[in-house]
Amino acid sequence: QVQLVESGGGLVQPGGSLRLSCAASRFIFSNYAMSWFRQAPGKERELVAGITSAGGSTSYADSVKGRFTISRDNAKNTVYLQMNSLKPEDTAVYYCNAVRFTTGAKYWGQGTQVTVSS
């Protein structure tokens, strides 16, 4: 029933920018904290950024701090990841995640590929 669909990935040059979007449907989006994870070939999945349900607090992995910005628009049921100053090390599949702590409900999108050329 719950659906998360990522978009905005693609090929970009080092130093360039991309904006990822995650559109949510069929659940009460404003009740969920949202986050972005990524996984590169041969590496384990890592947390990139998170945002609370109302958008009042954000957190970032040290590797992306100062370059990436997570935001959400609850009226549009969408969470974003603005990625600037991209590096080849940012190449990965990026996944959207939703969690409601009161119930333990957790959902994942299918991912979108981000490739930063070297």
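The values are calculated or read from the model by the stated rules, or taken from the named source; none is laboratory data. Since this is a predicted model, take the numbers as computed values, not measurements. Cβ atoms come from the backbone with ideal geometry, glycine included; neighbour counts cover every protein chain shown. SASA here: full protein model, heavy atoms, side chains in, ligands and nucleic acids out. Shrake-Rupley method; radii C 1.70, N 1.55, O 1.52, S 1.80 Å.
Residues considered: Thr91, Thr103, Thr58. Largest GNM mean-square fluctuation over the chain, using C-alpha springs under 10 Å, is found at Thr103. Of the residues Ala40, Ala49, Ala92, the one that moves most in a GNM of the chain with alpha-carbon contacts below 10 Å is Ala40.
With Kirkwood's inverse mean 1/r over C-alpha pairs for Rh, give me the Rg to Rh ratio of the chain, two decimals please. Result for the chain is an Rg/Rh of 0.96.
Among the lysines of segment 15-112, pairs at least eight places apart or on separate chains and with Cα atoms under 24 Å apart come to 5. With the cut-off at 1.5 for a/c, could you classify segment 21-70 from its C-alpha gyration tensor as rounded, prolate or oblate? Oblate shape, in that a/c is at least 1.5 and b/c is the bigger or equal ratio.
This model, with +1 at the C-beta of Lys and Arg and -1 at the C-beta of Asp and Glu, gives segment 2-61 a dipole about its Cα centre of some 60 debye.
Using Cα springs under 10 Å in a Gaussian network model of the chain, which residue among Pro14, Pro41, Pro88 shows the largest mean-square fluctuation? So, out of Pro14, Pro41, Pro88, the one fluctuating most is Pro41.
Nonpolar atom fraction for the chain, defined as the carbon and sulfur part of the 1.4 Å probe accessible area, stands at 47 percent. Set Lys and Arg Cβ to +1 and Asp and Glu Cβ to -1, take the dipole of the chain about its Cα centre, and tell me which of Tyr32, Val116, Cys22 lies farthest positive. Going by the charge dipole, the pick is Tyr32.
Over the chain, give the accessible area per residue in Å² for a 1.4 Å probe, as an integer. Result: 53 Å² per residue. Dipole magnitude for segment 34-118: computed about the Cα centre from +1 point charges on Lys and Arg Cβ and -1 point charges on Asp and Glu Cβ, it is near 160 debye.
Residues within the reach of a label modelled at Gln110 (point 7 angstrom out along Cα to beta-carbon, backbone nitrogen below 16 Å), restricted to segment 1-33, are 1-10, 21-25. The 3J(HN,Hα) values that the Karplus relation (6.51, -1.76, 1.60; θ = phi - 60°) gives for segment 97-113 are, in residue order, 10, 10, 9, 10, 5, 5, 10, x, 5, 8, 9, 10, x, 8, x, 9, 7 Hz. Gly and Pro appear as x.
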